[in-house]
Every structure is written in structure tokens, then in C-alpha cells.
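I have placed the structure first, in the form of C-alpha cells, so that the comments after it can refer back to it.
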Amino acid sequence: MEKEADFFADSKQKVKEYIQNRMLLLRLEMVEKTSKLVSVMFIGLLIAILSLFILLFLSFMAGYYFAALTNSLYLGFGIVCGFYILLLVFIILGGKKLLQKFITNTVIETIFDQTADNDDDDDTDNKEA
């Protein structure tokens, strides 16, 4: 009878340890995925800021170029402004769905990319055994 009590006590302890280890593993996986997502977002932000500066200076260059062609500073920068207004209209009309789909797919890919890599590693380990 004492062996059965020890068996159940040991089993209970092992189940508790297993649950604790599993919870720790889940937390670590979430931290890894969250940090990967944050790093991707930070890199995207840096690229966006640098692209903004490049676009800003190219816009000044285009404004002065068109000003030289038209002999009017207002008209030169007006052409560049008109281009940006047209671009804004196109983005508002058709780009919202495409941009939203791209961002959603990127986030999902970032979150589930590591899981797919782990699944591939598990499959190769099972084949070798």
C-alpha cells in the first residue's frame, strides 16, 4: 500500500513539474516571438525614416528641377505637390486593402516562422531515431 502512495505522490510531483516546465516553455516561446516581431517592426521603422529623408531630398531636387524648366518656383514645386496628391488619392482608393494585407501577412509570417522552423527540426530528429 505504501508503494502505491509513493507512486501517486511521485506521479503528482512529476505532473506538477511537467506543467511548470511546459508553462515556462510557452512563456519563453512567446518572449522569443514577441522580440522577433519587435525587431522586425524596429527595422521597418528605421527603413521608413531613411526612406522619408531620401524622398524629401529627392522632392526638393525635383521641385527645383521643374522650377528651372518652367522658370517658376511655384509651378515647379506645384508639379511635385500635384504628383504627391495623385499618389495619395491612389493609395486611399486602392492601396488600403493591399497595404493591410501585406502588414497582416508579414506579422503572421514573423510569428509563425519560428514555429515552422521548430517543426522541421522535430521531423528530422524523429527520422533519425
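Computed from the coordinates by the stated procedures, all read-outs in this text should not be read as laboratory data. Predicted model only: the values in this text are computed from it and were never measured. Ideal geometry is used to build each Cβ from the backbone, glycine not excepted, and the neighbour counts take in all protein chains shown.
Could you tell me which residue out of Phe53, Phe83, Val31 lies farthest along the dipole of the chain toward its positive end? Charges go on the beta carbon: Lys and Arg +1, Asp and Glu -1, centred on the Cα centre. Most positive-ward Cα: Phe83. Taking the Cα centre of the chain as the origin and placing charges on Cβ (Lys, Arg +1; Asp, Glu -1), which of Thr70, Val40, Ile108 is farthest toward the positive end of the dipole? Projecting each Cα onto the dipole axis, the largest value belongs to Thr70.
Per-residue packing, averaged as other Cβ atoms within 10 Å, sorts the ranges 95-104, 66-75 into the order 66-75, 95-104, beginning with the highest. Available extension along the chain between Ile91 and Ala9 is 23.1 nm, counting 0.36 nm per residue and deducting the alpha carbon span.
Were the residues from Val31 through Phe112 laid out at 0.36 nm apart, the gain over their Cα-Cα distance would be 27.8 nm. Hull volume per residue, based on the alpha-carbon atoms of region 41-98 and their convex hull, is 77 Å³.
A simple spin-label model places pseudo-atoms 7 Å from Cα toward Cβ; at Asn71 and Glu2 they are separated by 11.2 nm.
Computed from Cα positions, the angle between helix 73-90 and the longest principal axis of the chain comes to roughly 40 degrees.
Across region 99-107, coupling constants 3J(HN,Hα) worked out from phi with the 6.51/-1.76/1.60 Karplus curve, θ = phi - 60°, read 5, 5, 5, 4, 5, 4, 5, 5, 5 Hz, and Gly and Pro carry x. For the chain, the longest principal axis of the C-alpha atoms and the axis of helix 2-70 are separated by about 10°. Relative intensity of the chain on a log10 scale, I(q)/I(0) at q = 0.09, 0.12, 0.17, 0.19 Å⁻¹, equals -0.59, -0.79, -1.06, -1.14, per a Debye sum over C-alpha point scatterers of equal strength in the absence of solvent. In this Cβ point-charge picture (+1 for Lys and Arg, -1 for Asp and Glu), the chain has a dipole of about 1140 debye about its Cα centre. Only helices enter this figure: runs of n ≥ 4 DSSP H residues, each worth -39500 (n - 2.57), summed and divided by the residues of the chain, yield -34500 deg cm²/dmol at 222 nm to the nearest 500.
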